[in-house]
Amino acid sequence: MSVIHQFRSHLLLLWENYKNTLKGGNPTLHGLPFLLTILLWSGCKNVDKISEQSIFRYNEDAGIQVLDPAFTRSQAEIWTVSQLFNNLTELDSSLLPVPSLARRWTIADSGKTYTFYLRRDVRFHPHRLWKNEQERLLRASDVVFSLRRLVDSNTASPGAWVFHDKVNTASNWISAPNDSTVLLRLKEANPQMLSLLAMNFCMVVPERLMKRGLNLKSEPVGSGPFRFAFWEPEVRMVFLKHEDYWEVDRAGERLPYLKAVNIDLIRNKQTAFMKFVSGDYDFFNGIEGSFKDELLTRDGRLAPQYRGKFRLLNSPFLNTEYLGFYLDSSQPAHPLQLPALRKALSYGIDREALVRFLRNGVGDPGIHGFVPPVLLNQKVQGFNYQPARAAALLAEAGFPGGTGLEELELNTTADYADMALFIQQSWSRIGVRCRIAVHPGGQLRQLRNKGAIRLFRGSWIADYPDAESYLACFTKANFSPSGPNYTHYADVAFDAGYNKLNNSPDSMRKQLMASMDQRITDRAPFIVLYYDRSIRLLGKNIEGLDNNAMNQLNLKTVRKRTIP
């Protein structure tokens, strides 16, 4: 279906909104010029060809709730705001921080003081609240405002942890000596600060518009390659090319190449997949049990019937899929608090079979630690499939052959029900009974965060490309519900090692992180299932869309060429 036909049905509603909210902030108002332009194109002979060459289309099945970068947490939301906003730094294909809004920087005072020198050609997106064009220019005060807003308790951003314990918020920890310079002062050196500043939480927003009442959650204004045009919740979202975007390619051509991005919000992934196969979408992400066998061979390659029809990108992804045990010692005693039982359950799962048959080879068996091995300089010894050893550990825990052990409950979501069934059957072979409880994603997170469930499936995607992002999940300071330590694993020695990370030389730091990962792996507050990989399908005419281990979506360099 063409973009024209997709949007034509909304024109009358938008026209009424336009007349009634001309001076208001209705987010649908901004879609009207785009829709009118498309409808005017409908009188042109080559309208479908023009739209196909200039509009990038994909579906997001996970749902989008907010477009304010300070509140975006899911991959779906991070992908959308990354088209609209910029950071001081960004990550390159090797996950190294490189300049973005900051053209360069210096680090002084033994790693505690950063001076960022900003670009002077950056303009925020057009908006009715700007008083003149000069106001649209990025200023250092915008950066100061954005990062101060992040840590402000009144903002209540889930990303406030980025600067937690790293800066003295009671002092002048960030300032702007002039319009193009930003000073950032840390309490202690932090080797990951440049990578942290590339996170979605640290995206820069326009101070002047925010103080005039701009609501970023539904009407985002940034300096990114695309600008917000239209959002109909649960239906679709449209971005337009930011004509004043500051980046150019090596030949000097201004980015982005695309004129628009259309994001459908169809929740059914199989429906979205069929629309991709039929040519309605230019890009498809991820796999699902309902069509993975049709799409992929057992070793993760594109199935023969699709070869030549579109391209497959199979890349490492910094995401650990695991089972977590809730271990709060203040709760009534439970068998899962016994390390021997947790280890028995870990040895009882054949991870290689899980990845081969349930994931069609997409992933690496989780036989090491919680940290993906690519982030460490040495491999951690984890758990592989050893049913005999599992049986011995069951007996050691006091449950020979599973005798006397109450039925366990494995909590998961519908998307991972097949995996839960695989695990249930695996444990039954060593005498452990397990029932499966399936919850909606939001409900599962609430139960997990409150410590209301003992055993749950989870995943941890790196916030930034460093092992520290994974180790933080097991410090006492990060106990849920305010932090990511959902297991409530408590270990004084582990916390002491974590607190040494930022003050250790790089070589010692990597060795320390490996030893810390080994320590928590040996104590088994989790069962690592596999280290993920990202699957991307692209139309044959799509150029310039790559991937990295953070699974970022960068559309500013994408082109759509005409296939004869």
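Listing for the model above:
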| item | result |
| --- | --- |
| Complete set of residues in segment 337-349 that are surrounded by fewer than 19 Cβ atoms within 10 Å (Cβ to Cβ) and either within 12 Å of ALA390 (Cα to Cα) or in contact with a helix residue (DSSP H, G or I) (Cβ under 7 Å, 6 or more places away or on another chain) (or both) | PRO339, ALA340 |
| Segment 69-83, residues that are crowded, with 21+ Cβ neighbours inside 10 Å and out of contact with any strand residue (DSSP E or B) (no Cβ under 8 Å at 6 or more places or on another chain) | PRO69, ALA70, THR72, GLU77, TRP79, VAL81, SER82 |
| Hey, ALA397 aliphatic (A, V, I, L, M) and crowded, with 16+ Cβ neighbours inside 10 Å or not | yes |
| Test for ALA189: is it more than 20 Å from the chain's Cα centre (by Cα) and of a type in the set (Gly, Ala, Ser) | yes |
| Residues located in segment 134-143, provided they are without any contact (Cβ under 8 Å) to a residue 40 or more places away in the chain and over 14 Å from TYR245 (Cα atoms) | GLN134 |
| Filter result for SER141 (surrounded by fewer than 17 Cβ atoms within 10 Å (Cβ to Cβ), among the polar types (S, T, N, Q) and out of contact with any Gly (no Cβ under 6 Å at 6 or more places or on another chain)) | yes |
| Of all residues making up segment 502-525, the number that are among the hydrophobic types (A, V, I, L, M, F, W, C) and either out of contact with any Leu (no Cβ under 9 Å at 6 or more places or on another chain) or not in a helix (DSSP H, G or I) (or both) | 2 |
| Test: LYS309 is touching a residue at least 60 places away in the same chain (Cβ under 8 Å), loosely packed, with under 15 Cβ neighbours inside 10 Å, out of contact with any His (no Cβ under 8 Å at 6 or more places or on another chain) and not acidic (Asp, Glu) | yes |
| Segment 49-82, subset among the basic types (Lys, Arg) and not in a helix (DSSP H, G or I), residue nearest to MET210 (Cα to Cα) | ARG73 |
| Pairs where the first residue, in segment 287-298, is touching a residue at least 24 places away in the same chain (Cβ under 8 Å) and the second is of a type in the set (Asp, Glu), C-beta under 8 Å, 6+ apart | GLU288/ASP415; GLY289/ASP418 |
| Enumeration of residues in segment 166-202 that are out of contact with any helix residue (DSSP H, G or I) (no Cβ under 7 Å at 6 or more places or on another chain), closer than 24 Å to ILE78 by Cβ and part of a loop (DSSP other than H, G, I, E, B) | LYS166, VAL167, LEU197, ALA198 |
| Every pair of residues 6+ apart whose Cβ atoms lie under 7 Å, when the first sits in segment 410-428 and is within 18 Å of PRO365 (Cβ to Cβ) and in the same structural domain as LYS269 (by TED's automatic domain parsing) while the second is modelled with pLDDT under 95 and in a strand (DSSP E or B) | none |
| Hey, ALA76 closer than 30 Å to ASP179 by Cβ, modelled with pLDDT of 85 or more and small (Gly, Ala, Ser) or not | no |
| Residue count, segment 445-481 (criterion: surrounded by fewer than 19 Cβ atoms within 10 Å (Cβ to Cβ) and either among the hydroxyl-bearing types (Ser, Thr, Tyr) or not assigned by TED's automatic domain parsing to the domain that holds LYS500 (or both)) | 2 |
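So that you can scan it fast, the table gives a plain yes or no per residue for (1) surrounded by 15 or more Cβ atoms within 10 Å (Cβ to Cβ); (2) over 25 Å from the mean Cα position of the chain (by Cα); (3) at pLDDT below 90; (4) not β-branched (Val, Ile, Thr):
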position	(1), (2), (3), (4)
LEU29	yes, yes, yes, yes
ARG57	yes, no, no, yes
PHE85	yes, no, no, yes
ASP109	no, yes, no, yes
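The values are calculated or read from the model by the stated rules, or taken from the named source; none is laboratory data. Just so we're clear, the structure is a prediction, and the values are computed from it rather than from any experiment. Every residue, glycine as well, gets a Cβ built from its backbone with ideal geometry; the counts of neighbours run over all protein chains shown.
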